[in-house]
Amino acid sequence: MRFSGLSRAGTARTLLRLAAGALLLAGLAGHARAQDRNAISGTTVSLAPLKGFAPSTKFAGLENAEAKASVLVVEMPPEAHAQLSALFNNIETAKTNFAKQNIVIDEAEDIDTAGGKGRILTGHQNVAGTTFDKWVVLLKGAKTVMITVQAPEDSDLDGDDVVTMLKSVSLGAEPTLDQKLAALPFRVRATEPFRVVDTFGGLGVLMTSGPLNVDPKGSQPMLIVSYQTGGQVAAGQLAAVAEKLLQTTRGFEKAEIAKRETVAFAGSKDGVLLSGRTAEGATGKRFAQYIGLGPDGRFVRLIVSADEATYPSLESAIKAIADSIAFAQ
């Protein structure tokens, strides 16, 4: 299965960028205690949270809303570990790759966790004039696990406390698909002939129609719903953001937009629907992209593509899936 023109390995790189960009949340915290280990909903991860942190309703992880602190959990297929461990194990490679996200990596070290050996990178990122300290750890269990902790450099978050929390991580069995869907920050329902393949990063869901779960040639219809965690979008900017996102999505860079519409989507009457054709594949494909804003300025996005001959038979199912999407309460 492809994510916006990406192979499965490319999807892993996309998720790395998602985690590396992380959330613009920061915070204050106290000591973690191993006996207070909590499960992160929809993931294989359990850990002892720092004081003041609670489960997030916006992503897979924890946050201290008052202090703007975050612990973000991203899980990928097990085969992604080899690719990512090559990045994490070479600090110069890590510096080069994370620098693309404006993240400066300062140090790398191996740590022992309750879930096995891990590799932790520490660094910082400047966003809109504020510098955030970051800790990113890579682990291997039933899934490839990456956990990012972030806080502003002038907070009371202590690096030793962060490492203690990360050492408390244990990895269990992979949750059921229903459990992973329930943990997403939005609700969505598949409609035949589409079916859910999997969720990704605690932030999105992948659907397809056809016998293949892994489709490197992109021969099957692809539908992805994802939630934006970083930054906010004002209502008047949504149309421009929709076009920019489309142009920066691999496989859609040269998409021809045939129609721009204002539609009801994700609880908003002012959602944006773009539709048209792409140059992807031998004969090109039709696509549609929906974007809707939530009450806090964040947004959810649906993008779907299929061959010209197949797309018309899918339109009613696509509309039903789009109509089912709502932000989690």
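The values are calculated or read from the model by the stated rules, or taken from the named source; none is laboratory data. Please read these numbers as outputs of a predicted model, since none were measured by experiment. Cβ atoms come from the backbone with ideal geometry, glycine included; neighbour counts cover every protein chain shown. Surface areas here come from the heavy atoms of the whole protein model, side chains and all, with no ligands, DNA or RNA. Shrake-Rupley method; radii C 1.70, N 1.55, O 1.52, S 1.80 Å.
Remark: C-alpha extents of segment 122-236 on the principal axes read 51, 44, 28 Å, sorted largest to smallest.
Which value, in nm² and rounded to one decimal, describes the direction-averaged projected area of the C-alpha convex hull of segment 77-137? Approximately 4.7 nm², given one-decimal rounding.
Estimated from the Cβ-Cβ distance and a Förster radius of 35 angstrom, the FRET efficiency linking residue 153 and residue 86 is about 0.75.
Restricting the calculation to Cα atoms, segment 168-210 shows an Rg/Rh of 1.04 when the hydrodynamic-style radius is the Kirkwood one.
Rounded to the nearest 500, the helix-only mean residue ellipticity at 222 nm of the chain stands at -6500 deg cm²/dmol, with each DSSP H run of n ≥ 4 adding -39,500 (n - 2.57). Take the Cβ atoms of residue 256 and residue 219, set R0 to 25 Å, and the FRET efficiency comes out at 0.70. Working value for the chain: equivalent-ellipsoid semi-axes of 34, 21, 19 Å, each the square root of 5 times a Cα gyration tensor eigenvalue, largest first.
Solvent-accessible surface of the chain, averaged per residue with a 1.4 angstrom probe and all protein chains in place: 44 square angstrom.
When Rg and Dmax are taken over the Cα atoms of segment 262-329, they come to 13.2, 43 Å.
Calculate the tail of P(r) for segment 202-304: the fraction of all Cα-Cα distances greater than 18 Å, expressed in %. Pairs farther apart than 18 Å: 49 percent. Can you send over the carbon and sulfur percentage of the accessible area for segment 269-329, probe radius 1.4 Å, protein chains only? Looking at segment 269-329 in its full context, I get 52 percent from C and S. Of the GluC sites (Glu not before Pro) in segment 233-285, not one is in a loop by DSSP (not H, G, I, E or B) with at most 10 other beta carbons within 10 Å.
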